1. Please find, among L118, L128, L154, the residue that is within 17 Å of L269 (Cα to Cα) and touching a Leu at 6+ places or on another chain (Cβ under 9 Å).
2. Tally up the residues in the range 126-163 that are touching a residue at least 24 places away in the same chain (Cβ under 8 Å), outside any helix (DSSP H, G or I) and within 21 Å of the chain's Cα centre (by Cα), please.
3. Before we move on, is L28 at pLDDT 95 or above and touching a Phe, Trp or Tyr at 6+ places or on another chain (Cβ under 8 Å)?
4. Just to be sure before I move on: is S120 surrounded by fewer than 21 Cβ atoms within 10 Å (Cβ to Cβ) and within 27 Å of Q189 (Cβ to Cβ) in the structure I sent?
5. Got a sec? Which of E44, E106, E65 is of a type in the set (D, E, K, R) and farther than 30 Å from L262 by Cβ?
6. How about the range 169-203: which of its residues are assigned to a strand (DSSP E or B) and out of contact with any Leu (no Cβ under 9 Å at 6 or more places or on another chain)?
7. Might you check whether a residue that is within 22 Å of S265 (Cα to Cα) and outside any helix (DSSP H, G or I) occurs anywhere in the range 71-88?
Amino acid sequence: MTFTLDQLGATPDLYDAFNSHAAQGLILARVSLSIRDEYRLLTEAGELAAEPSGALLYGAASAAELPVVGDWVAARVVEPGHAIVHEVLPRRTKFSRRAAGTREDEQLIAANIDTVFLVSGLDHDFSLRRIERYLTLAYESGARPVIVLNKADLHPDLGAVLAEVTAIAPGIAVAVTSALSTSGIASLQAHMRTAETVALLGSSGAGKSTLVNQLLGGDRQRTQDVRESDSRGRHTTTHRELVLLPGGGALIDNPGMREIQLWASAASLDETFSDISTFADECRFLDCAHQSEPGCAVRAAIDSGRISDERWASYTKLLAEIRHHERKTNPTAAAAEKQKWKVIHKAHRAHKKNW
């Protein structure tokens with residue numbers, strides 16, 4: 001397939017950032033595959049195998065500064081079919097999670113995504129709480145989220161589940177698909193704008209690879225059945241890859257993620273839980289902890305059922321993850337936050353004594 005870099009998503013800002021590299025004889029390319037320190041690059045002249053320069057590899061402060069799928073890079077062709085990547089160009093968006101293990105490290109999943117399809121299978125593995133987690137990461141990334149409810153033919157009450165999803169994600173587009181029958185594929189294509197990049201994220205077994213095949217118009221991705229007992233599947237997609245779309249633009253398929261740890265800010269969490277944030281703005285105290293403070297609009301909403309116990313529990317769990325991450329990565333700021341709340345609670349107790 002022949003294409004131009006504009007069709008692949010290159011923007012005027014990107015060309016501006018690349019100008020100084022062009023003067024040095026480097027070429028502009030996009031990373032379509034990244035496995036350890038080996039890459040595949042897409043250029044207008046064709047595909048190139050590539051590796052990072054020593055300066056890039058050993059000068060990176062963390063793995064998040066090295067190329068990932070979706071990155072635009074400045075590279076030098078050193079021999080036919082092979083290049084050296086010298087620099088990662090500024091990312092417009094990036095989708096990250098906390099790396100596995102006890103260290104607080106960012107694991108960058110993909111970059112320069114415009115729209116992210118958050119795929120959830122409507123089978124035994126369906127979870128509103130998982131959708132909230134993915135939404136928080138999507139807001140943090142800067143990409144437009146679209147919730148995709150796949151395997152619609154397997155759910156006995158589609159209307160009810162749609163109402164549940166729209167209730168926890170007000171204003172977010174929701175597409176309903178049945179990938180095996182191509183039902184709803186047109187609704188996904190409506191969100192795939194020319195010369196932009198879409199990515200599919202979701203649990204293993206949600207049906208992402210089948211959707212990819214439908215969107216690309218062919219059996220590019222291998223698919224396999226899931227277990228009937230719990231709707232879990234083995235990882236059909238074993239690595240993330242950027243592929244060209246027939247009408248221009250690109251699509252990134254990702255391996256299924258059974259657990260995804262947050263790498264996000266409290267501001268992104270507030271976007272996911274905008275209903276709770278709205279009630280919090282109505283609390284009597286600006287620094288209300290939503291526990292037993294008088295005039296707490298959040299507690300009133302919980303007590304009246306306007307915020308469900310499950311949604312509040314999900315919010316507090318994700319907030320605790322974010323705060324834990326902040327304490328680990330920025331202990332000075334965390335200590336200042338702890339002291340601030342100590343003063344607030346002390347003043348609040350003194351105020352209660354004077355009622």
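The values are calculated or read from the model by the stated rules, or taken from the named source; none is laboratory data. Being a predicted model, the structure only gives us computed values, none of them experimental. Counting neighbours? That spans all protein chains shown, and the Cβs are built from the backbone with ideal geometry, glycine included.
1. After applying the criteria, what remains is L118.
2. 10
3. Criteria met by L28.
4. No: the conditions fail for S120.
5. E44 is the lone residue from the list that is of a type in the set (D, E, K, R) and farther than 30 Å from L262 by Cβ.
6. Those that are assigned to a strand (DSSP E or B) and out of contact with any Leu (no Cβ under 9 Å at 6 or more places or on another chain): A173, S183.
7. no
One line per residue, one yes/no per condition, for (1) more than 30 Å from W72 (Cβ to Cβ); (2) part of a loop (DSSP other than H, G, I, E, B):
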| position | (1), (2) |
| --- | --- |
| H124 | yes, yes |
| A167 | yes, no |
| G205 | yes, yes |
| T210 | no, no |
